[in-house]
Amino acid sequence: MSAMGFKILVVDDEPDIVQVISNRLTREGFEVATAGDGEEAMAKFSSFDPDLVLLDLIMPKLNGFEVLKQIREKYKDRWRPVIIISAKTELDTLRKSYDMEADHYLSKPCGMDVILRGIETMRSLIPLRLKQ
């Protein structure tokens, strides 16, 4: 599946992580926008209109759960997969993420191969979700 034209929003308050992920995704052919906090994430979501979101949970202004909640409430026009990437690995956090309609959960630290595999899995499901 070609990455061309597929837009990913990378949201994390750690600039080094954002840089590594966005550089690799760009090299893979994805269109990438980034945000360093929850408020910026919602503004970028609105203007960039991503196909998929990589979202950290622990951030200033709005945390990842608040961003996820807003995305699910405000943007019901089409399914946009949200992959949580967080250092929080407690079962309650995982449960809450899925209860709030996160589509996938990756624990930090994780390699780019794991992130890319998660993105490809979500991309492969988009056509199936469109048929519903």
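The values are calculated or read from the model by the stated rules, or taken from the named source; none is laboratory data. Here the structure is a predicted model, which is why all the values come from computation and not from measurement. Using ideal geometry, Cβ is built from the backbone for each residue, glycine included, and neighbour counts are taken over all protein chains shown. Side chains included, ligands, DNA and RNA excluded: accessible areas come from the protein's heavy atoms. Shrake-Rupley method; radii C 1.70, N 1.55, O 1.52, S 1.80 Å.
Figures for the structure shown
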item: Options 87, 67, 29, ranked by Cα towards positive dipole end of the chain, top entry (Cβ charges); result: 29
item: The chain: relative contact order in percent, alpha carbon pairs under 8 Å with at least 6 residues between; result: 20
item: Rounded to whole Å, sorted largest first: equivalent-ellipsoid semi-axes of region 22-84, Cα gyration tensor; result: 18, 15, 10
item: The chain: radius of gyration over Cα atoms, expressed as a fraction of 2.2 N^0.38 Å; result: 0.96
item: Average accessible area per residue (Å²) across region 30-120 - probe 1.4 Å, nucleic acids and ligands excluded; result: 48
item: Separation of alpha-carbon centers, region 41-91 and region 19-38, rounded to whole Å; result: 15
item: Using θ = phi - 60° and Karplus 6.51 cos²θ - 1.76 cosθ + 1.60, couplings along region 62-73 (whole Hz; Gly, Pro as x); result: 10, 7, x, 5, 5, 5, 4, 4, 5, 4, 5, 7
item: Heavy-atom accessible surface of the chain: percent carbon and sulfur, 1.4 Å; result: 52
item: Longest exposed-site-free window of the chain, the sites being trypsin sites (Lys or Arg not before Pro) in a DSSP loop that have at most 12 other C-beta atoms within 10 Å; result: 1-75
